[in-house]
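The next block holds one structure in the form of structure tokens; read it before the comments.
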Amino acid sequence: MQLRDLLEKKGFYRIPLKKLKSGHYRFSAKINSVSGDFILDTGASTSCIGFDSITCFFLKSEPSKIKAAGAGAINMKTKLARNNNITIGSWNLANIDFVLFDLSHVNEALQQVEENSIHGIIGADFLKQTRAVIDYGRNCFYVK
């Protein structure tokens, strides 16, 4: 039995990934009914959206004491956006929280390898909550 057949039989939803020149994996999703591009990052502890996309996705931000670090940047100020919806294809999850911070360093790195900018990063919090299974061989992941 193929992995896809097994997971779909158990109620998982398949999401295609595009491998970028940077080695990252990109996919499209809707946050609060607005389409955006995201990187799937198993090394990111929390899912995040860039400050410049707050109004785009109708996010209600609140102050946060969390300091973000990653991709060569440390001690960055953040905000928090609670209780949002994410839709990927026909699959939907309500009440997802995002850390908001400056993603310009990530997008600059993507532009250096001639890839388009992203709106956010989907991290381990989302992957754990959705019991995600990543199939690197077939460039996709599954959520439940």
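The values are calculated or read from the model by the stated rules, or taken from the named source; none is laboratory data. What you are looking at is a predicted structure, and each value in this text was computed from that prediction instead of being measured.
Residues in segment 1-42 that are among the polar types (S, T, N, Q) and in a strand (DSSP E or B): Ser28, Ser35. When segment 76-134 is filtered for residues that are within 13 Å of the chain's Cα centre (by Cα) and among the acidic types (Asp, Glu), the ones remaining, listed by number, are Asp97, Asp125. Against the definition (of a type in the set (A, V, I, L, M) and over 18 Å from Phe12 (Cα atoms)), how does Ala81 come out, yes or no? Yes. Every test in (1) at pLDDT 95 or above; (2) among the hydroxyl-bearing types (Ser, Thr, Tyr); (3) more than 22 Å from Leu127 (Cα to Cα) is passed by Ser61 save one, and that test is (1).
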